[in-house]
Amino acid sequence: MKFILALTLCILASASNAVVDGHKYPFDNNVDKERFEVLAEELRCPKCQNQNLADSNAPVASDLRDKVYELMIEGQSDDEIVGYLVDRYGDFVRYNPPVQKNTFFLWFAPGVMVFIAFIMIISLTRGKKKDVTLSEEEQKKLAKLQAARKQNDSHLQKDRTDSSVETSEKHDS
């Protein structure tokens with residue numbers, strides 16, 4: 001039973017390696033293969049939401065993987081390949097678009113929002129506290145309440161002392 005489980009796991013593990021990039025592209029060396037995998041992971045599928053070319057099963061992603069492979073075989077650099085795809089599909093195909101006029105908000109909005117939230121938190125915690133003045137009648141009521149509380153607290157303390165004395169007397173006898 002353990003042998004069958006181990007064999008099944010080995011088969012599944014090797015099958016997942018065979019389909020990492022969706023296709024088997026024959027490369028002369030591992031450097032080109034790794035370069036292809038990096039490009040396929042860094043480029044976004046134009047049809048899919050937040051999926052790169054390596055993970056997407058969409059037909060357009062398969063076509064783009066084929067095109068990336070074709071351009072690599074032609075000897076084009078990574079920048080030329082990315083440039084070709086950007087010319088055709090726009091900056092959307094990049095996961096990290098460059099800072100330009102049209103992407104300025106995308107890059108700097110999170111920092112601005114954090115700064116605004118920080119300022120709001122500071123202003124709310126340091127809010128202006130108004131001095132509260134009590135009328136004479138309110139001051140008298142407050143004094144009565146404080147006196148009643150003090151008296152109540154002393155009665156509670158006395159009751160606790162009495163009950164602890166009673167408890168200790170019960171234990172002694």
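Pairing each residue of the range 94-123 that is under 30 Å from A54 (Cβ atoms) with any residue that is at pLDDT below 85 and polar (S, T, N, Q), provided the two are 6+ apart or on different chains, yields C-beta distances under 6 Å for P97/T103. Can you pull out every residue in the range 83-100 that is in a loop (DSSP other than H, G, I, E, B) and either touching a Phe, Trp or Tyr at 6+ places or on another chain (Cβ under 6 Å) or surrounded by fewer than 11 Cβ atoms within 10 Å (Cβ to Cβ) (or both)? Those that are in a loop (DSSP other than H, G, I, E, B) and either touching a Phe, Trp or Tyr at 6+ places or on another chain (Cβ under 6 Å) or surrounded by fewer than 11 Cβ atoms within 10 Å (Cβ to Cβ) (or both): N96, P98, V99, Q100. The single condition from (1) more than 28 Å from the chain's Cα centre (by Cα); (2) surrounded by fewer than 16 Cβ atoms within 10 Å (Cβ to Cβ); (3) within 14 Å of I81 (Cβ to Cβ); (4) not aliphatic (A, V, I, L, M) that E41 fails is (1). Considering the range 32-54, and only residues there that are of a type in the set (D, E) and in contact (Cβ under 8 Å) with a residue 12 or more places away in the chain, the residue that is nearest to N96 (Cα to Cα) turns out to be E42. Within the range 68-82, the set of residues being within 16 Å of V38 (Cβ to Cβ), free of Cβ contacts under 8 Å to residues at least 40 places away in the same chain and assigned to a helix (DSSP H, G or I) comprises V68, L71, D79, E80. Could you list, in sequence order, all residues of the range 55-65 that are touching a residue at least 24 places away in the same chain (Cβ under 8 Å) and surrounded by fewer than 15 Cβ atoms within 10 Å (Cβ to Cβ)? Selection gives N57 alone.
Tallying residues that are under 31 Å from the mean Cα position of the chain (by Cα) and at positive phi within the range 69-94 yields 1.
The values are calculated or read from the model by the stated rules, or taken from the named source; none is laboratory data. It should be emphasised that the depicted structure is a prediction, and the values quoted were computed from it without experimental measurement. Every residue, glycine as well, gets a Cβ built from its backbone with ideal geometry; the counts of neighbours run over all protein chains shown.
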